[in-house]
Amino acid sequence: MYIPFIGEFKLIISKLLARPPILIYQMGKVGSKSVEATLSHFVPNQVIHAHFPSMIGKYDWKHIQLRKLLRRPIIVITPIREPITRNLSAFFTNFEMVTGARFISKSWNIEEVRNIFLQKYDNNKAIHWFDKHLKPLTGIDVFAEEFPKDIKWKTYKRGNIRVLVYRLDLEKEKQLEIISDFVGYKITEWKIENVGENRTYGDFYKQFCNEINLPSEYLEFIQSQKLAKHFWTDEENQKVKQRWLAK
């Protein structure tokens, strides 16, 4: 007699006996699709990509939870990006969801889109991502330890779980080096995917980022949160602020 859960049990056991999964777990718009494509090309481990738990498939989620219970290794990679730039990129990616209109449905002007970004886009998602998503999954509070802003990356460990956090502005070759060391496989080149400038809104997005100005109240709010203060220096945040202030 066929018992449905037997097949599921065998699948999860086979995953437990295999190489540890590599979970690319991060807020959106931090280059994670390229990390996924690159790792999938160079390493034999299963690569899972998600921004939050509901994006992880049912069997993969059960597998991860069972690994936590049995203290089997789990590898987590979490790139991060300066939050204001990330928010702008995420806004364009989710433009239709935010506005209710397709980008190609009309001719937009920069001031109009700027106002929509400030008034309708949820700018708090990135601010709270580590506390809402990484900490509950891994038990690791990245804010509890000093982040070395000079080298722009750090590894964390709690039991069987290892986490690599690195800034997206770290040199691309250095990113490959630290990811290679972290996963234990030599990675020689990037497989680039999901570049915003290559999308339907690409030309407008580039012009928007070159010409837009943002209110100081918005910039100060984002930079007063622990995300910006923990991972970037005061001088770096000030440079970002100057970039987006009225030109």
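The values are calculated or read from the model by the stated rules, or taken from the named source; none is laboratory data. On a predicted model such as this, the values are computed, not experimentally measured, just so you know. Every residue, glycine among them, receives a Cβ derived from its backbone with ideal geometry; neighbour counts consider all protein chains shown.
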In the stretch 136-168, how many residues are of a type outside the set (Gly, Ala, Ser) and in a helix (DSSP H, G or I)? 5
Out of the stretch 51-84, which residues are of a type in the set (Val, Ile, Thr) and at pLDDT below 95? Ile64
Across the stretch 134-158, the tally of residues that are loosely packed, with under 13 Cβ neighbours inside 10 Å and of a type in the set (A, V, I, L, M) stands at 2
With the checklist (1) surrounded by fewer than 12 Cβ atoms within 10 Å (Cβ to Cβ); (2) outside any loop (DSSP other than H, G, I, E, B) in hand, flag the one item Lys174 doesn't pass. (1)
Among the numbered criteria (1) free of Cβ contacts under 8 Å to residues at least 60 places away in the same chain; (2) under 25 Å from Gln175 (Cβ atoms), which single criterion is violated by Phe117? (2)
So which of Asp131, Asp150, Asp203 is free of Cβ contacts under 8 Å to residues at least 24 places away in the same chain and either farther than 29 Å from Leu39 by Cβ or touching a Ser or Thr at 6+ places or on another chain (Cβ under 8 Å) (or both)? Asp203
For the stretch 9-26, how many residues meet the condition of being touching a Phe, Trp or Tyr at 6+ places or on another chain (Cβ under 8 Å) and at pLDDT 95 or above? 1
Any idea which of (1) within 22 Å of Pro79 (Cα to Cα); (2) out of contact with any His (no Cβ under 9 Å at 6 or more places or on another chain); (3) surrounded by 15 or more Cβ atoms within 10 Å (Cβ to Cβ); (4) modelled with pLDDT of 90 or more is the one Ile212 doesn't satisfy? (1)
Looking at (1) among the polar types (S, T, N, Q); (2) free of Cβ contacts under 8 Å to residues at least 60 places away in the same chain; (3) under 24 Å from Leu23 (Cβ atoms), which one does Thr188 not meet, given that it meets all the others? (2)
Residue, farthest from the chain's Cα centre (by Cα), within the stretch 159-171, restricted to residues that are closer than 17 Å to Arg72 by Cβ and buried (at least 18 other Cβ atoms within 10 Å of the Cβ): Ile161
So which pairs qualify, if the first residue must be in the stretch 95-113 and free of Cβ contacts under 8 Å to residues at least 40 places away in the same chain and under 20 Å from Lys29 (Cβ atoms), the second must be among the aromatic types (Phe, Trp, Tyr) and assigned to a loop (DSSP other than H, G, I, E, B), the Cβ gap must be under 6 Å, and the two must be at least 6 apart or on different chains? Val98/Tyr121
Restricting to the stretch 117-133, what's the tally of residues that are modelled with pLDDT under 95, assigned to a loop (DSSP other than H, G, I, E, B) and surrounded by 17 or more Cβ atoms within 10 Å (Cβ to Cβ)? 1
Of all residues being surrounded by 13 or more Cβ atoms within 10 Å (Cβ to Cβ) and within 30 Å of Ser107 (Cβ to Cβ) in the stretch 177-196, which is modelled with the highest pLDDT? Just the residue, please. Ile192
From (1) over 19 Å from Phe130 (Cα atoms); (2) over 18 Å from the mean Cα position of the chain (by Cα), pick out the condition that doesn't hold for Gln65. (1)
Do you know which of the residues in the stretch 224-247 that are without any contact (Cβ under 8 Å) to a residue 60 or more places away in the chain and polar (S, T, N, Q) is surrounded by the most Cβ atoms within 10 Å (Cβ to Cβ)? Asn237
